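**Student:** The structure that follows is given in the form of C-alpha cells.
The values are calculated or read from the model by the stated rules, or taken from the named source; none is laboratory data. Quantities reported herein were computed from a predicted structural model and do not represent experimental measurements. Cβ: placed from backbone, ideal geometry, glycine included. Neighbour counts: every protein chain shown. We work out accessible area using only protein heavy atoms, side chains counted, and drop any ligands, DNA or RNA first. Shrake-Rupley method; radii C 1.70, N 1.55, O 1.52, S 1.80 Å.
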Amino acid sequence: MAGTKRRAAKSQALKPPQSKRRTKVSGMAADNNELQKWFSENQESEDGRAVIMPEGFERLCEALGFDMDGIEPMVLLWRLNGVELGTVEHEGWEKGLNEMGVRDMPGLKRAVENTIIEFKRNPELFKAFYRKMFDYLRQDKQKSVTAEYAVAVLPVITSNMWVFERFAEFLKANEDTIKTISRDQWQSLLALARNLRPDMSNYSKDDAWPTMFDDFVDWATA
Amino acid sequence: MSFANKRPGGRILPVRRLTPQVDPQKQFEKLATAIGDIYGHKISQLSYEELYRTGYNLVLSKNGALAYDGVKGVIESHLDNCVHKNILGHVSALRTNPTLSTYEAFLWSVRVLWSEHVTAMLVIRDVLMYVDKVYVKDAQLPAVYDMGMNVFRDQVLLASHKRLCVEVTKSVLSQISSERRGEQVNRSVLRGVVDMLVELQDTDRLRTVYETSLNPQLLAESRAYYQSLAKSRLADHSAAAYVLAAQADLDSEMDRVDAYLVPFTGTALRSVVLEELIDNHASEILTIDDAGLIELLDQRKVEVLGVLYNLYAPLPKALSTLQSRIYQHILKTGQQLAASLAPLESKQEGPQQLPESKPAASQTLTMAAKTTMALRWTQDLLLLYDIYDEFLRKSFGDTADMRQTIYDAFIEVINSNSRAAELLSLFIDDSLKNGLKRKSEQEVEHLLDRSVLMFRFLQNKDAFEHYYKLHLAKRLLLGRSLSDDAEQSLVSKLKVECGSQFTFKLEGMFKDMQLSADLAQRFKDIDRSEPLDFDLNVSVLTPTFWPQMTPSISEEDKREMNTVKPPPGPLCDSIEAFAQFYLQQRSGRRLTWQYNMGNADIKLQFGSRTYELNVSTYQMFILMLFSADDDVSMTAAEIQQQTHIPENVLARQLQSLACGKHRILTKSPMSREVSSTDLFTFNYNFKSAQYRIRLPMVSAKATIETEKEKSESMAAIGLERQYLIEAAIVRIMKARKQMMHEQLVSETINQLSARFLPTPKMVKDTIGRLIDRDYLQRSPDDLRLYKYLA
C-alpha cells in the first residue's frame, strides 16, 4: 500500500492547522502503568488540556509497530476516543484504555488488532467506527469531507472492500466535478456496500440512495 | 263445419250414458275418416259436435288410448303419404340438379305440407279437446297439438331414411348463399320454412329444430364464407373499399335476418361478420400499402373513417389497434413538424443585428426568420389539431376514449419539443399583436380556446408562465396589443385551466396598467400655470408582478442605470412632478425609474423637414443633448458622462441612431463599432420618404430567444423549480412527520405536476440537499424512511 499520494494526503490531514500553539509540558502526575507513562512523556498542552498531538500520535503508532498507511492508526485513534485526526485527549485516553482493559504496549497493540478482527464479525461495531471516521476527516468547520480525503481513506478503513475501492476510483475519475462527500452519502455508502451485488444488477435509481450513487453505478456499469 | 245441430240457447246436452253396445272401434273409425277429411279440406261436411262427442265417448269408455294413439297413427301415415307423393320427387330432382329453382321447389313443397298440417292440427285439437282435458293429463302425454307437431317432425324431417331435415337445412343455406352472391331468392318460402323450424321442438325438448339444425350450420357456413371473403378482399382492396364493403355486408345480413330469420341469429351473425372481416384482420386492414389508415387520415376521408370506426368500435382489440395506430401517426406527423424546426437548434446564430439593417450574407438564419419558423410550428400544430378534431366529431362519434387517444398523442407531440412553452407564448403574442386583425369574434374565441388547449397539454407550465409574462410585459408597455378583450379573455381561460395562483401575477400586470392610466389622467388634469406641451405617460409597475426584463445586464450596469436622469428641462421637471404627485397619493413607497424600458414619440426638425420619430427613452435623452445648439458634437464618452447610460447599453442605442437604416446622427468614423472616442453630430441632411419613423430599438416584435437568452431563461426557471420542489417536500414532511422514499417522491411529483413535471432524480437531489441542511434525516432502522426534523 505504498500510495505516495495517499500518504501525502493523510499526513497532510494529520498535520495540525498552523494556528494552534503547542508547548511541551512534562511532569504530570503519572501512573506506574506503562501507557500512562508514555502519555505523560509525550503529551502537550493545548488550551490547558493535556493532549497527544499528531507527531506524538505517530510516535505511538511506530512504537506499536503500526504502518501509518494502514487501518491500525485510525482504529487506535477511535478506541482512544480521539477528538481529531492524530489528536487524543487525556480523558479519552484513560477511558479508552479502561474500555480495552490494557496497561501496556503489547496489550494495546493486541486490543487494536482484535478490534479489527472483530469488525468482520460485528457489523454494528464497524459501522460505529466507519461513521466516526467521517467526523475525523472533516476539517472542523466544514460539514463535508473532501473527495480527496475520501479517496485516500475509504479503501483503507474498509480493508479494500470492492465497493469502496470502486467508489474511490469513481471519485478520482470525477475529481473536477465532485468535490465533497456529505455525511449522508458517507453513511449510505456503507449500506450500499453491504447491499450491492458485484454486477450491480440490484441497484435501482428509484430507491432512496443519494443521487451521487446513481451516477456511480452508471459510471461503473458503462 | 256446420253448427246446424247446435240448439238455440246453447244448452249443453245432458250427458248420455254410454252403452256397451257402442263399439269403440267403430267410434274410432269415425274419427279416422274425419281426420282424412280434415286434411282433404272437406271440413264443411263434418259435424263438430258429433266428432267431439266421439272423442268424449271414447275417453269415458276408457278408450282414450285408442283415440290418441289411433289418431297419431293416422296422422303419421297421412304425412308419410304426402312426403312420398309431394316431396320426395323434389328431393331427387334436387340431388341430380341442384339449382336455385329446384331448391326453391323443394322448400316450397315442404312449406305447403307444413301449413296444411298446422291448419289441420288446429281443427283436430278442437275436436279432441276432451281428450286433451282428461286423457292426456292422466297419461302424461303431450297435448294433441304438440303430438301433431312431434309427429310432423319425426315423420317428415327426422325420419332417417329420408334425411329431409338435412335437405331442408342444405336448401335454406344454399338459398342464402345465392342471395349473398346477389341472386334473387324467394324470401316468403324461406320465411315459411324458418317459421316451421322455429315452431318444432327438437327431441331433447329444450330447443327448437331451428336452434339445433339450421342455426349452428348457418353460423358455421357464414363464418367460412366471410373468412375467405376477407382474404380475397385484402389482396386487392384499399382500406376504404374493404371497410365500405364490410359495412354493406353487415347491412345486408341484418336485412336478411329481418326478412326471414330470427333475431338472436342476427346478433350471432353480426359477431361472426365483425369477427371474420374486421377483428381477425384489424391491423392488416389499417396497414394496406399506400391505401391504409394513414392515407385515409392524410386525405381527410371523414366519412370512410366514420364507417371504419363504427366497425371497429364494438371490438375491443381492434379498437385499441386502431387507437394506437392513430396515436402513432399523430406522433409521426408531429415529428415532421418538429424536424422543420431543426435550423433553430443550430448552434450558430446570425450575427446580432438590428432587424432592419441588411442581413449579412451568412448561411445562418436571422432572428426574424427563426421567429417566423417558430410561429409556423405552432400554427401547423393548431391546424393539425383542427383536422383531428374534425375526425373526432364527424368520424369517431365524439367518444371519450377516442378523444383521450388524440389528446395523449398531442401531449406527446408538444412535450417532445423542448421549446414548446416559449413557442406557444410567442404564437399567442403574435396573435394578440397582429394575428387577430380581420378575424371575427368567433374566430378569435376559437383561436384562444385552441391556444389554451395546447397549454393544457403542455407539461412545463411554469416555463410558459415565464415567457408569457415577458411577452405580455412588452405588449403592455409598448401598447401593442390589438384587443384588450382578447387579452383578458385569454387570462381568464388560463385561470380556469390552472387556478388563480397561476394568473395572479398576470392579472397584477393588467391592474398596474389600469392604475397607471388612471394616474396619468389625473396628473394631466392638474391645474397648471403653463400646460405641458407633451404627454407624459408613466407606467407604474409593482415589481412582484413584472418579469425580469433585462436579465442579461450585469449588476454593475444595473446600478449605473439607476442613476440615469433626464436632461434638465421641462421633461425633467415634469418627471419630478409626477414622482411627487404619486408619492403624495401613496406615501411610503419608492419609485425607481426604469428609463431603459420606455419609449417616446418625438418630433425632430432637420432643416426644413420635420419627422415624427418613435425612439427609446434613452435615445430621447441622447437626442435632447443635441437640441441645445445647432452645432453640437459629442464623443461617445461625453454622451456617457452626461447621461450615465452604461457603456454597452449606450453603444447599442447609438448604433441604432447612427448606423441603421435611418441615420439621425452621423458618426465618425462610420464603422459599426462604437468606441468612446467616436464623434456624433446631428444629421441635418437626414431624409426619409416616411413622415413617421420607428427606430428598431423599440421593435416590439418578440423574437425567439437567442442561445444566450435561452440559457438564462432555463437557469431562472430551473432555480424556481428547485425552490418549488424544496417547498413541496418540506410541506409534505411537515404534515406527515415521516414517509418512505418512494411515497415522498411520488407525492412531491404529484403536488407539482400542475406546473411542471419534476423527475425523480430532481426530487432525490433535493432530498439530499434537505438532509444536508438538517431538515430531514433518515431513520436509523430503515434507510428508506425519512423523518422530519422540526
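**Student:** To the nearest whole number, what is the average tally of beta carbon atoms from other chains within 10 Å of the beta carbons of peptide A:181-187?
**Tutor:** 3
**Student:** Continuing with this model, one more query. How much net charge surrounds B:ALA658 when only the other residues with a Cβ under 13 Å from the Cβ of B:ALA658 are counted, with Lys and Arg +1 and Asp and Glu -1?
**Tutor:** Once all neighbours under 13 Å are counted, the net charge is +3.
**Student:** Please compute the length gained on full extension between B:MET254 and B:GLN642, using 0.36 nm multiplied by the number of residues separating them and subtracting their Cα-Cα distance.
**Tutor:** 130.4 nm
**Student:** Moving on. Run through the stretch B:238-289 and list the chymotrypsin sites (Phe, Trp or Tyr not before Pro) located in a DSSP loop whose Cβ has at most 14 other Cβ atoms within 10 Å.
**Tutor:** Of the chymotrypsin sites (Phe, Trp or Tyr not before Pro), not one in the loops of the stretch B:238-289 has a Cβ with at most 14 other Cβ atoms within 10 Å.
**Student:** Tell me the angle of helix B:239-260 to the major Cα principal axis of chain B, expressed in degrees between 0 and 90 and rounded to the nearest ten.
**Tutor:** So the helix axis and the longest Cα principal axis differ by about 30 degrees.
**Student:** In addition: Assuming R0 = 51 Å, what is the FRET efficiency of B:ALA143 and B:GLU284, from their Cβ-Cβ distance, to the nearest 0.05?
**Tutor:** 0.35
**Student:** Counting each DSSP H run of 4 or more residues in chain B as -39500 (n - 2.57), what helix-only mean residue ellipticity at 222 nm follows after dividing by all residues, to the nearest 500 deg cm²/dmol?
**Tutor:** Roughly -19500 deg cm²/dmol at 222 nm, from the helical runs in chain B.
**Student:** So what's the angle, to the nearest 10 degrees on a 0 to 90 scale, between helix A:123-137 and the longest Cα principal axis of chain A?
**Tutor:** 80
**Student:** How much length is gained if the chain between B:ARG11 and B:ARG736 is pulled fully straight, taking 0.36 nm per residue apart and subtracting their Cα-Cα distance, in nm to one decimal?
**Tutor:** Between B:ARG11 and B:ARG736, full extension yields an extra 251.5 nm.
**Student:** Mind giving me the FRET efficiency for B:GLN227 and B:ALA291? R0 is 22 Å, r the Cβ-Cβ distance, nearest 0.05 is fine.
**Tutor:** Approximately 0.50, to the nearest 0.05.
**Student:** For chain B, find the longest principal axis of its Cα atoms and tell me its angle to the long axis of helix B:48-60, 0 to 90°, nearest 10.
**Tutor:** It works out to around 80 degrees.
**Student:** What residues in the stretch B:763-790 lose 30 Å² or more of accessible surface when the other protein chains are added to their chain alone (1.4 Å probe)?
**Tutor:** Correct list: B:LYS764, B:ASP772, B:ARG778, B:LEU783.
**Student:** Something else: Below 8 Å between Cα atoms, with a sequence gap of 6+, how large is the relative contact order for the stretch B:533-646 in percent?
**Tutor:** 28
**Student:** Report, in listed order, any pair from B:LYS474/B:LYS603; B:LYS469/B:LYS495; B:LYS469/B:LYS710 with a Cα-Cα distance greater than 22 Å.
**Tutor:** Distance filter (> 22 Å) returns B:LYS474/B:LYS603.
**Student:** Using Cα pairs under 8 angstrom and six or more residues apart, how large is the relative contact order of chain B, in percent?
**Tutor:** Taking the mean separation of contacting Cα pairs over the length of chain B, I get 7 percent.
**Student:** Could you calculate the contour length gain from B:THR372 to B:LYS603, that is, 0.36 nm times the residue separation minus the distance between their Cα atoms, to one decimal place in nm?
**Tutor:** Full extension from B:THR372 to B:LYS603 adds 79.9 nm.
**Student:** Taking only protein heavy atoms into account and a 1.4 Å probe, give the accessible area per residue of the stretch B:255-305 in Å².
**Tutor:** Per residue, the stretch B:255-305 has an accessible area of 45 Å².
**Student:** The stretch B:409-506: which GluC sites (Glu not before Pro) are DSSP loop and have at most 12 other beta-carbon atoms within 10 angstrom?
**Tutor:** Qualifying residues, ordered by number: none.
**Student:** Under 8 Å for C-alpha pairs, at least 6 residues apart: give me the relative contact order for chain A, rounded to a whole percent.
**Tutor:** 15
**Student:** Let me ask something additional. So what J values fall out for the stretch B:186-193 if you push phi through Karplus, 6.51 cos²θ - 1.76 cosθ + 1.60 with θ = phi - 60°, rounded to Hz, Gly and Pro as x?
**Tutor:** Values per residue, Gly and Pro as x: 7, 6, 6, 4, 4, 4, x, 5 Hz.
**Student:** Could you compute the FRET efficiency for B:LYS524 and B:THR592, with r as their C-beta to C-beta distance and R0 at 25 Å, rounded to 0.05?
**Tutor:** Given R0 = 25 Å and the Cβ-Cβ separation, E is 0.65.
**Student:** Select from the stretch B:169-277 those trypsin sites (Lys or Arg not before Pro) which occupy a DSSP coil region and have at most 12 other Cβ atoms within 10 Å, ordered by residue number.
**Tutor:** B:ARG205
**Student:** For the stretch B:368-375, take each phi angle, set θ = phi - 60°, evaluate the Karplus expression 6.51 cos²θ - 1.76 cosθ + 1.60, and give the result in whole Hz per residue in order, putting x for glycine and proline.
**Tutor:** Computed from phi, the couplings for the stretch B:368-375 are 4, 5, 4, 5, 4, 4, 5, 5 Hz.
**Student:** Under the rule of at least 5 residues apart or a separate chain, name every residue whose amide H is placed under 5 Å from the amide H of B:PHE606.
**Tutor:** Excluding prolines and chain starts, which carry no amide H, the hits are B:TYR611.
**Student:** Using the alpha carbons of chain B, what is the convex hull volume per residue in cubic angstrom, as a whole number?
**Tutor:** Hull volume normalised by residue count: 345 Å³.
**Student:** Pull up all non-local amide H partners of B:PHE682: gap of 5 or more, or a different chain, and H-to-H distance under 5 Å with H placed in the peptide plane.
**Tutor:** Distant-sequence amide H within range of B:PHE682: B:THR666.
**Student:** Further, regarding this structure: Can you give the alpha-carbon Rg of the stretch B:167-265 over 2.2 N^0.38 Å, where N counts its residues?
**Tutor:** With N residues counted in the stretch B:167-265, Rg over 2.2 N^0.38 Å equals 1.20.
**Student:** Same structure again: Could you pull out every residue, at least 5 positions away or on a different chain, whose amide H is within less than 5 Å of the one on B:ASN599? Hs are placed 1.01 Å off N in the peptide plane, and Pro or chain starts have none.
**Tutor:** B:THR617
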